[in-house]
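One structure, pasted below without further comment.
The values are calculated or read from the model by the stated rules, or taken from the named source; none is laboratory data. Small disclaimer: the values here were computed from a predicted structure and weren't measured. Neighbour counts are summed over all protein chains in view; Cβ atoms, including those assigned to glycine, are modelled from backbone coordinates with ideal geometry. Ligands, DNA and RNA are excluded from the accessible area calculation, which covers all protein heavy atoms including side chains. Shrake-Rupley method; radii C 1.70, N 1.55, O 1.52, S 1.80 Å.
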Amino acid sequence: MAGRSLGKAVAAVSVSVALAWVAVRAAAGCRRIPAYRDSFSSCWIHHNYNNMSKSISAKNNFHKKARTSPYPGSKVQRSKVPDDKVGWLVEWQDYNPVEYTAVSVLAGPEWADPQISETNFSPKFNEKDGHVERKSQNGLYEVQNGRPRNPVGRTGLVGRGLLGRWGPNHAADPIITRWKKDSSGNKITHPVSGKRILQFVAIKRKDCGEWAIPGGMVDPGEKISAALKREFGEEALNSLQKSSAEKKKIEEQLHRLFSQDHLVIYKGYVDDPRNTDNAWMETEAVNYHDETGEVMDNLTLEAGDDAGKVKWVDISDQLELYASHSQFIKLVAEKRNAHWNAESEADCQGL
């Protein structure tokens, strides 16, 4: 549980690649991008996100949160890294990053790697290392002096900070949605955009009080699909505190929901304030949609684990969510052809 608790915050990471995609959509105005319509596929969005992540430069602040100080949970100040010095291809002989790994990580919990210097530790980077996944969803990363190197660039800090693994630390973000309905069971449309209103399950984080997508770390040897279902059950249904009979009922309903077709909204590197030159966050955000509402109607939302509250939230551009979770939600609304922004959508209809 220690690893899961530490990793819960990862579910609320800020994804600059997603921000870049939203910018691409905005630049396209009201035009539809063909590959993003009904022919949309998770393979397409994964491929294009990866391409965008490679093309985005430091000038676009792709690597912004990973350079902020102080480092989370400490008073450690990173060495300042200017935008034009982020990329590893830029020569910077005077680069002198601060070394920092949290005491909680150095204590050697089961969810954390040993120090690179330990003689009995020989990690297999860029591959599956026993039960630990050390492959990156963005492709191969470099290893220099025995340490993996952040694929995006310099952060001003070496070591692992609060992250347990050298290299990629994998997380999972389940986005559960349904259509908003009136008391008669009819789907509600927005009076201006004319589009149906989508809702998603949001949790209120105990640590900062902000609303977010439920999610957390993927355990060693655990499949992403299993992690998505487990995290949702723990945080949005309080499954950890249920009786055996209640857990069985919850498991049956979640199996129905998580076994159906789904959308992989994003896979890859995340611009997170916990990232260092040698350890970074990666996530997979997946949308599971309950079209009829029958599955979720049989489940009672109840906050658990690291969640203080949980509820259904209407999706729109008025959402204020932790980090950049609203960008994930916007992508879901676009794919589901649901209401997002009344003003812009009304303008599009008038063209």
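Could you grab the pairs with beta carbons closer than 6 Å, sequence gap of 6+ or different chains, first residue in the range 83-102 and over 16 Å from Arg67 (Cα atoms), second one part of a helix (DSSP H, G or I)?
Once the first residue is over 16 Å from Arg67 (Cα atoms) and sits in the range 83-102, its partners that are part of a helix (DSSP H, G or I) give Trp92/Lys85.
Let me ask something additional. Kindly evaluate Ser79 against the criterion of being in a loop (DSSP other than H, G, I, E, B) and over 21 Å from the mean Cα position of the chain (by Cα).
Against the criterion (in a loop (DSSP other than H, G, I, E, B) and over 21 Å from the mean Cα position of the chain (by Cα)), Ser79 qualifies.
Let me ask you something else. Does Asp261 fit the bill of being open to solvent by less than 10 Å² (accessible area, probe 1.4 Å), part of a loop (DSSP other than H, G, I, E, B) and out of contact with any His (no Cβ under 7 Å at 6 or more places or on another chain)?
No.
Quick one: how many residues across the range 274-323 are within 30 Å of Gly159 (Cα to Cα), at pLDDT below 90 and part of a strand (DSSP E or B)?
Selection size over the range 274-323: 2.
For the range 82-112, name all the residues that are in contact with a Gly (Cβ under 8 Å, 6 or more places away or on another chain) and part of a loop (DSSP other than H, G, I, E, B).
Selection gives Val86, Gly87, Trp88, Pro97, Ala102, Pro109, Glu110, Trp111, Ala112.
Table: residues versus (1) among the small types (Gly, Ala, Ser); (2) within 15 Å of Val310 (Cα to Cα); (3) open to solvent by 40 Å² or more (accessible area, probe 1.4 Å).
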| position | (1), (2), (3) |
| --- | --- |
| Ile175 | no, yes, no |
| Lys181 | no, no, yes |
| Thr189 | no, no, yes |
| Gly194 | yes, no, yes |
| Leu198 | no, no, no |
| Val201 | no, yes, no |
| Gly215 | yes, yes, no |
| Arg230 | no, no, no |
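Specify which of the listed residues (Leu163, Leu89, Leu106) is within 30 Å of Phe200 (Cβ to Cβ), out of contact with any Asp or Glu (no Cβ under 6 Å at 6 or more places or on another chain) and either open to solvent by 60 Å² or more (accessible area, probe 1.4 Å) or of a type in the set (A, V, I, L, M) (or both).
Leu163 is the lone residue from the list that is within 30 Å of Phe200 (Cβ to Cβ), out of contact with any Asp or Glu (no Cβ under 6 Å at 6 or more places or on another chain) and either open to solvent by 60 Å² or more (accessible area, probe 1.4 Å) or of a type in the set (A, V, I, L, M) (or both).
Regarding the range 249-268, can at least one residue be identified that is without any contact (Cβ under 8 Å) to a residue 12 or more places away in the chain and of a type in the set (Ser, Thr, Tyr)?
Scanning the range 249-268, I find at least one residue that is without any contact (Cβ under 8 Å) to a residue 12 or more places away in the chain and of a type in the set (Ser, Thr, Tyr), so the answer is yes.
Every residue in the range 270-328 that is among the small types (Gly, Ala, Ser), in contact (Cβ under 8 Å) with a residue 24 or more places away in the chain and either more than 21 Å from Ser225 (Cα to Cα) or in contact with a Lys or Arg (Cβ under 7 Å, 6 or more places away or on another chain) (or both), please.
The answer is Ala279, Gly293, Ala303, Ala307, Gly308, Ser316, Ala323, Ser324.
Right, next: The conditions are (1) open to solvent by less than 10 Å² (accessible area, probe 1.4 Å); (2) of a type outside the set (Asp, Glu); (3) closer than 27 Å to Asp113 by Cβ; (4) not in a strand (DSSP E or B), and Gly221 fails exactly one of them. Which is it?
Failed condition: (1).
Same structure again: Residues that are among the acidic types (Asp, Glu) and farther than 21 Å from Gly139 by Cα: does the range 272-282 have at least one?
no
Quickly run through the range 219-266 and pick out the residues that are of a type in the set (Ser, Thr, Tyr) and touching a Phe, Trp or Tyr at 6+ places or on another chain (Cβ under 7 Å).
Ser225, Tyr266
Do we find that Pro191 is in contact with a Leu (Cβ under 9 Å, 6 or more places away or on another chain), farther than 29 Å from Lys64 by Cα, assigned to a loop (DSSP other than H, G, I, E, B) and not polar (S, T, N, Q) in this structure?
no
Residues to consider are Leu254, Leu240; find the one that is surrounded by fewer than 20 Cβ atoms within 10 Å (Cβ to Cβ), part of a helix (DSSP H, G or I) and on the phi < 0 side of the Ramachandran plot.
After applying the criteria, what remains is Leu240.
Which one is nearest to Asn298 (Cα to Cα) among residues in the range 203-224 that are small (Gly, Ala, Ser) and out of contact with any Ser or Thr (no Cβ under 9 Å at 6 or more places or on another chain)?
Ala212
Being within 24 Å of Val86 (Cα to Cα), in a loop (DSSP other than H, G, I, E, B) and not aliphatic (A, V, I, L, M): is that true of Gly159 here?
no
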